[in-house]
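The values are calculated or read from the model by the stated rules, or taken from the named source; none is laboratory data. It should be emphasised that the depicted structure is a prediction, and the values quoted were computed from it without experimental measurement. Here the Cβ is made from the backbone with ideal geometry for all residues, glycine too, and neighbour counts use every protein chain on show.
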Amino acid sequence: MQTLRLSRRRLAQIAASAAGTVLIQTAQSTVARPRLGVVVGVTGQRTPGEAIAEVAALGLRTCQVSVGLSPEGLAGPLTQALDRYGVEATAAMTLGTGPMVWDFYHGPTTIGIVPLRTRSARIDALKRASDLAKLCGIKAVHTHCGFIPEDPNEPLYGQAVDAIREAASHCRANGQTFLMETGQETPITLLRAIQDVGLDNVGVNLDTANLILYGKGEPLGALDVIGQYVRGLHAKDGKYPTDPKKLGEEVPIGSGRVDFSGLMKRLRQLNYTGPITIEREISGPRQRADIRASKTYLERLIAEEYR
């Protein structure tokens, strides 16, 4: 009987040890992963409830919300929709007011907070978006700053830095990160601007296609320059421009020049676990189909790299 009792005790010890090993292995294999989401507009034709319901219907749990000019009364319905569908808004996006032409000839004078004519109004729009985001518990504000001059000696460069600092300072006071989207400038110019702004809440929203669409570089190589500042990411694909007046063509993820496999490997090396937000800049059924296909494609790559 004594031998039997010892055997049972030993078996219990072995079982407990094995269970502990499984728990340890499971814990070790659980790696924080980027969270997939989608860009969605919550003003205009759709109500916040309709827009966020579509995010949930796509099987996504995060989004960046385009808030337009942050109309009064938006905070309540948006917060309610996010809570109802269990979706996290990772950033509030606005471009502000006034005309914007997305090309190489008129873009430098119409996009972002670089152009003097619309600068003040767009800074104000960013501040309103920041105040809206605070009411909704959104921790980042995101925009295109515009064609930041490559030459730091050009007067417009210093003005752009001052404008970014003003908008980012307002976000900082609201406890938010200010995200500058890639595209209109080279990564080294973006890095220079961030460092010259000199605030600890300024980061990058890396749009994987924009660098290519604007002919400014490759997103994978850009991570060597600005990787430490990336706090958000637009998953998008595109081709290089061949007409010196027009941007390159945006295409479905996986059919353009973006090396998503290499990009995911580099993000894993940088320990990036922030949001990856799908953006497809078309409309209608084709947009939804492309977003669903992108979700499947990106989920596979994330699972392969974040193990």
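Each row is one residue, and each column tells you yes or no for (1) under 23 Å from residue 203 (Cα atoms); (2) surrounded by 15 or more Cβ atoms within 10 Å (Cβ to Cβ); (3) among the β-branched types (Val, Ile, Thr); (4) touching a His at 6+ places or on another chain (Cβ under 9 Å).
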site	(1), (2), (3), (4)
237	yes, yes, no, no
244	no, no, no, no
251	no, yes, yes, no
255	no, no, no, no
261	no, no, no, no
268	yes, yes, no, no
284	no, no, no, no
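Scanning the stretch 100-117 turns up no residue that is among the small types (Gly, Ala, Ser) and surrounded by fewer than 16 Cβ atoms within 10 Å (Cβ to Cβ). Picking from residues in the stretch 71-93 that are small (Gly, Ala, Ser) and surrounded by 14 or more Cβ atoms within 10 Å (Cβ to Cβ), the one that is farthest from residue 142 (Cα to Cα) is 81.
The residues of the stretch 297-307 that are over 18 Å from the mean Cα position of the chain (by Cα) and either at positive phi or part of a helix (DSSP H, G or I) (or both), listed by number, are 300, 303, 304, 305. Does the stretch 79-124 hold any residues that are within 21 Å of the chain's Cα centre (by Cα) and hydroxyl-bearing (Ser, Thr, Tyr), and which are they? Answer for the stretch 79-124, where residues must be within 21 Å of the chain's Cα centre (by Cα) and hydroxyl-bearing (Ser, Thr, Tyr): 79, 85, 90, 94.
A Cβ distance below 9 Å, combined with a sequence gap of six or more or placement on separate chains, defines the contacts here; from the stretch 211-232, residues that are more than 24 Å from residue 200 (Cα to Cα) and surrounded by fewer than 20 Cβ atoms within 10 Å (Cβ to Cβ) reach residues that are aromatic (Phe, Trp, Tyr) and at pLDDT 95 or above in the pairs 215/104; 215/240. Taking the criterion of being more than 16 Å from residue 238 (Cβ to Cβ) and in a loop (DSSP other than H, G, I, E, B), the residues of the stretch 259-296 that qualify are 270, 271, 272, 273, 274, 283, 284. Taken over the stretch 109-147, the criterion of being of a type outside the set (D, E, K, R) and either assigned to a loop (DSSP other than H, G, I, E, B) or modelled with pLDDT under 95 (or both) is satisfied by 111, 112, 113, 114, 115, 137, 138, 144, 145, 146, 147. Take residue 43 and decide whether it is farther than 20 Å from residue 210 by Cα, in contact (Cβ under 8 Å) with a residue 12 or more places away in the chain, touching a Gly at 6+ places or on another chain (Cβ under 8 Å) and assigned to a loop (DSSP other than H, G, I, E, B). Here the answer is yes, as residue 43 does meet what is asked.
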